[in-house]
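What follows is a single structure, written as structure tokens, with notes after it.
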Amino acid sequence: MPERVLTKFEDDKPTVNKTTTTSAAQNPPVALAKGKKRKRNGTTNTPTNKPDTTTQSIEVDSRPEKRIEEPESKSQLPRPATNGAKQLHNRSKSNRPPPNGRPSNPPLPPHLSKRRDALLPFRQALPIYQHADSIRAALSTKNTLILTGETGSGKSTQVPQFLLSQPWCKKCIAITQPRRVAAISLARRVAEEMGSSLGNASPASKVGYSVRFDNAAGPNTRVKFLTEGMLLQEMLRDPELKQYSAVVVDEVHERSVNVDLILGFLKKMQKEGKRKDAMKVVVMSATADVEGLVKFFDDEEGDIGCKKIERVQTDGVQSAESEKAKGKGKQKSGSGGVENGVVPVTDTKSEPSSTVSTCFVEGRQYPVKTIYLPEPTQDFVESALKSIFQIHYKEPMPGDILVFLTGQDTVEALERLVNEYAQGMEEGVPKILALPLFAALPQHAQQKIFQPAPSKTRKVILATNIAETSVTVPGVRFVVDSGKVKIKHFRNRLGLDSLLVKPISRSAAIQRQGRAGREAPGQCYRLYTEQDYASLEPRTTPEILRCDLSAALLTMKARGVEDVLNFPFLDPPPREALEKALLQLLQLGALTETGEISEIGLKISKLPLTPTLGRVLVEAARPERDCLLDIIDIISCLSVENIFVNLVTEEKKEEAEAARRELYKREGDHMTLLTTVQRYAEERSDRKVWTEKHFVSHRAMQNVMDIRKQLRQNCVQLSLLPSSSTAHSNSNSTDPSSNPSASHDSRTRSILHSLLRGFAANTARLMPDGSYRTLLGNQTVAIHPSSVLFGRKVEAIVFSEFVFTNKSYARGVSAVQLDWVGEVLEEVGG
DNA sequence: GAGCACTGC
């Protein structure tokens, strides 16, 4: 059922001299191309500078099981196996109890051992492989290691394997990832490298993973890849993470809220020392602020500011430093150009008094030439258009172009322009194929970026920042960077999210630029001036400083953090933001007056929902509401992207309006969502056909059904539902036949009352002038045009989303009676 | 009569 599309790879056959790799190998690495002086003391066994040993997978679907690209090592000219094989043999001598009474050393199935042996040379050619001993040594004396390694260094796959044989590593190693696909594909890769089956395929499986909707860890799992959210979930049951000897936190530079929480918890854990054995922590990052991380983990209250952290003495760091010294700033993330094979005498470093080691691992990256605009542009879409055709006419094939834009609108506008101009190109000029790429794009359209272009055609990928982290576009040698990003920012005082176009940070600019140098030397056209670049913020504001903190605080409270104001945050949010979030949790009834987590709060914290939606769910389970299954359907829809397909042409829009009329409910968007889920779930013949007929997104509905199932299970575990309710029931009435009198109106009323309990702050009343103003805060809000209530005048509304774009909009809107709003505001003490 | 970058439990 779930189709897995493996994007084409050359795999690791030792037949290396394929065209793509030879051309790459002939190109010198960055530093050499720049004519930098550097010593070479390890040239003979230097792995070639083939860049991009892709350790991260490419995935553009939120349903990870559908399309997974394997991470792959594509290095060439492998050395024979030596070290790693020994390590693996040592491991297999472990005296773990034989599973199912079988001999403790069952021979590996031949296909597994063959694959493992075939992969070994590629592992050994990874830049990180030479650091294995020093990484082990660092962790045998210190509990924390900060490891900076660029893309392609192999850190995500190799570090856990380095540590597995260490005497302190008796239990499991956890490796966290920000995205599900990455966790799954890395686990698959490491299982292959270790000659193990994956997950629960066999009791002997040593490698597993755990992501939402998919837990694949066996009884003997020693290496477990999990999403950050999953590790936090495990901490709910086991705050000390006793099943792990080490936690490896990967991709820390992305600075998700969850990663910040994990770092805080790990630091607290080490400091409090409640565990019998020390918890080893490896923090891995591409462009981390190493000094900040060292200070964070090494703080001996008081001397934080004066501890001098020496940088690791590798070539990589030196080259980064020398570039800085030249006053040009870093040309690439982290290291500048790094030549592989230079083995430093010591490559991990720590102050004797410090509890933290650091290590820098070089990556594999080609030089990227940067071109700035001489003058600032007013219209980056137009400037991008010019740059695209300038590149296309001037630069030889092959070499695709990746353009970073802000949103669907700019992507589609530029797509039209490019196609228009491309029609006017003379004969003999290579063709242009413009491909849009953004998250809301249907699956098959996203897939196109992985397909090779027809002959004599240059691909131009017009992308949002999905291409910065989540999707690796192959074949790119030219990057056009608008310098802008659409970013969400939570405004504390108004309690609303704003979604605005802003300049990117310098680190994001470097990240985008790096995309041009993954396969060959490249060029980056920045659609701003060099002065503009210099004036950019050095790094993107971490999410925790620009989001609603109520979910994070509830997470902390539920894991035993009493004093959240003094939680060790890598970047402490302003006190005002923390207090605002505490107040919100108090109003939801998730905290008691004394600031302890309440019974309701504990329930909410166990649900994969925001605190507000969790509160709505808990409310719906109360006997006087009795509408839990309906609310689960609605909440499931609110947890995914828009379930209604966006349409472009006027004709299609009218057609869709007509087809959806039977779904639209006058009570508002929430009842409309409920009707849609229930019709979909009742559909017995072909659900896909049904979605097409009603202009509903089939993919979104599949996600809705997954979440619905999970929420029903959660509710059974929390004793909010009897266990019979999860059994493939599509009807929401607990017993339809016995309750025919439960009128539609009373059911609707229960649902709306439940929504109000969570969204009491998101209520507004109609003013005499026809506008709506919030009851708390007296803010003007407009009903978003996507709402079924758009243009309608009702006495009061409750809405599940409050966003500022051009003005304040309420999205996900239902009509309610004003006196209901009064009641609920009284209850929350507003 | 507007238009929502991206993750995740």
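The values are calculated or read from the model by the stated rules, or taken from the named source; none is laboratory data. Remember, it's a predicted structure, so these values are computed and weren't measured experimentally. When we count neighbours, we look across all protein chains shown, and the Cβ atoms used for this are built from the backbone with ideal geometry, even at glycine.
Take the residues of region A:798-808 that are within 9 Å of DNA strand B (Cβ to nearest atom) and over 19 Å from A:L613 (Cα atoms): which is surrounded by the fewest Cβ atoms within 10 Å (Cβ to Cβ)? Filtering first and then ranking leaves A:N806.
Residue under question is A:A509, and the condition is that it be more than 14 Å from DNA strand B (Cβ to nearest atom), within 19 Å of A:S256 (Cα to Cα) and under 24 Å from the mean Cα position of the chain (by Cα); does it hold? So A:A509 fits the description; yes. Among residues that are at pLDDT 90 or above, away from DNA strand B (no atom under 16 Å from the Cβ), within 30 Å of the chain's Cα centre (by Cα) and not polar (S, T, N, Q), A:L755 is included. Only one of the numbered conditions (1) within 10 Å of DNA strand B (Cβ to nearest atom); (2) of a type in the set (S, T, Y); (3) under 24 Å from A:L441 (Cα atoms); (4) touching a Lys or Arg at 6+ places or on another chain (Cβ under 9 Å) is not met by A:S639, and that is (4).
Being over 17 Å from A:L755 (Cβ atoms), within 12 Å of DNA strand B (Cβ to nearest atom) and modelled with pLDDT of 90 or more is the requirement here; does A:F790 meet it? So A:F790 fits the description; yes.
Specify which of the listed residues (A:S787, A:S814) is closer than 21 Å to A:L496 by Cβ and in a loop (DSSP other than H, G, I, E, B). A:S787 is the lone residue from the list that is closer than 21 Å to A:L496 by Cβ and in a loop (DSSP other than H, G, I, E, B).
Just to be sure, is A:K488 without any contact (Cβ under 8 Å) to a residue 60 or more places away in the chain, surrounded by fewer than 18 Cβ atoms within 10 Å (Cβ to Cβ) and not polar (S, T, N, Q)?
Yes.
For region A:436-481, give me the residue count where each residue is of a type in the set (A, V, I, L, M, F, W, C) and within 14 Å of DNA strand B (Cβ to nearest atom). If you could, list the steps in order and put the result at the bottom.
Filtering region A:436-481 down to residues of a type in the set (A, V, I, L, M, F, W, C) leaves A:437-441, A:445, A:449-450, A:453, A:460-463, A:466-467, A:471, A:473, A:476, A:478-480.
If we keep only those that are within 14 Å of DNA strand B (Cβ to nearest atom) too, we end up with A:437-441, A:445, A:449, A:461-463, A:466-467, A:471, A:473.
Within region A:436-481, residues that are of a type in the set (A, V, I, L, M, F, W, C) and within 14 Å of DNA strand B (Cβ to nearest atom) number 14.
Take A:I487 and tell me if it is part of a strand (DSSP E or B) and within 15 Å of DNA strand B (Cβ to nearest atom). The answer is yes for A:I487. Among the criteria (1) surrounded by fewer than 21 Cβ atoms within 10 Å (Cβ to Cβ); (2) away from DNA strand B (no atom under 14 Å from the Cβ); (3) at negative phi, the one A:G560 does not fulfil is (3).
Taking the listed residues A:T594, A:T610, the one that is of a type in the set (S, T, N, Q) and away from DNA strand B (no atom under 16 Å from the Cβ) is A:T594, with no other qualifying.
Could you list all residues from region A:374-404 that are under 18 Å from A:V485 (Cα atoms), of a type outside the set (D, E, K, R) and part of a loop (DSSP other than H, G, I, E, B)? Passing the criteria: A:P376, A:T377, A:Q378.
Filtering region A:399-433 to residues that are among the charged types (D, E, K, R), surrounded by 13 or more Cβ atoms within 10 Å (Cβ to Cβ) and within 16 Å of DNA strand B (Cβ to nearest atom) leaves A:E412, A:E415. Among residues of region A:768-785 that are of a type in the set (D, E, K, R), those with a Cβ under 8 angstrom from a residue that is at pLDDT below 90, sequence gap 6+ or separate chain, pair up as A:R773/A:Q779.
For region A:588-645, filtered to residues that are under 16 Å from A:L756 (Cα atoms) and small (G, A, S), the residue that is surrounded by the fewest Cβ atoms within 10 Å (Cβ to Cβ) is A:G589.
Those helices (runs of 4 or more DSSP H) of region A:134-248 in which at least 2 residues are within 14 Å of DNA strand B (Cβ to nearest atom) and over 26 Å from A:P121 (Cβ atoms), considering only elements entirely within it, cover A:180-193, A:228-237.
Scanning region A:199-216 for any residue that is touching a Ser or Thr at 6+ places or on another chain (Cβ under 9 Å), closer than 25 Å to A:I135 by Cβ, surrounded by fewer than 24 Cβ atoms within 10 Å (Cβ to Cβ) and of a type outside the set (S, T, N, Q) turns up nothing. Within region A:412-428, residues that are within 11 Å of A:F389 (Cβ to Cβ) and among the aliphatic types (A, V, I, L, M) reach partners that are at pLDDT 90 or above and part of a helix (DSSP H, G or I) with beta carbons closer than 6 Å, at six or more positions or on different chains, in the pairs A:L417/A:L385.
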